[in-house]
Amino acid sequence: MACSHVLVVDADPATGRRMRRALQDTALGVREVRALEDALAALDGSVTAVFSAVSLPGSNGYELARRAQEQSPGLPVFLLWGGFDTYDERRAREAGVRAGLRRPFSTDALLALLEDAIGPMPLDAEALQPEEAPEESLPIGSIEPLEAGALRQGADDALVPPVGDERLASFVPADYDEIPVVRIDREEVSVALERAVLAVFPEVLEALLEKAATGRGRLGRLIEGAVARAVAELLPAAVEQALRERLDEDGS
């Protein structure tokens, strides 16, 4: 097979890392670029497929797919979407997009799309070698005896185990290879973290407004006063209009 790379076009470097992990047992490599023009410049005989984010700096994945088809007809182009990005099937079809892949994508879903586009996956020679199962052992000192009363009765009469030094990564979905780090510097906040925050922002804002409107704080009083003034101004006119319509109906 002449082509040996998958081109990933995304401003979020985590996408490339997930792609490498998914293709680690194949002979396909991964090349990463961030923008449309860089992606077009990277299209050569070694690229077997393109995976692009729907949103790109200064452009989008649909435009990339259209220009990629002009430059390399028949090259499979897939669009990655999720969060605030949406996948427009009609627009994708017109641009020559092969299919959309929703984030966070699984290894099986990725391989299925690639095999459908390019045929059986080329396997890495090292991946075909049987591996010896490593002996599992717990590090010395990793187990500490429970202190007396470590298991206590909770408010719901259920036993609550003591909270130890468990890694937070144990509770993160397997599709994510690291825990996003929140930094004060705006430019260092990852794109993935921004998408996660924006995904829950509407619900959080709605809950805050509901609490403020029903509470007795300053904002609640302001909302209550605005509603009272609106009712006082609009209600008489609405009643008068309703009476006028009723009289017109009775007269007719």
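FYI, it's all coordinate maths here, none of it is from the lab. Keep in mind the model is a prediction, meaning the values are calculated, not measured. Because the Cβ atoms are built from the backbone with ideal geometry, glycine has one as well, and the counts that use them run over all protein chains shown.
What are the residues in segment 75-107 that are among the β-branched types (Val, Ile, Thr) and out of contact with any Leu (no Cβ under 6 Å at 6 or more places or on another chain), if any?
Within segment 75-107, 77, 86, 107 qualify.
Quick one: count up the residues across segment 90-118 that are within 18 Å of residue 62 (Cβ to Cβ) and either crowded, with 18+ Cβ neighbours inside 10 Å or not aliphatic (A, V, I, L, M) (or both).
Residues flagged as within 18 Å of residue 62 (Cβ to Cβ) and either crowded, with 18+ Cβ neighbours inside 10 Å or not aliphatic (A, V, I, L, M) (or both) within segment 90-118 amount to 14.
List the pairs whose first member sits in segment 74-96 and is in contact (Cβ under 8 Å) with a residue 24 or more places away in the chain, whose second member is of a type in the set (Asp, Glu) and crowded, with 17+ Cβ neighbours inside 10 Å, and whose Cβ atoms are under 8 Å apart, counting only residues at least 6 apart or on separate chains?
These pairs meet every condition: 80/10.
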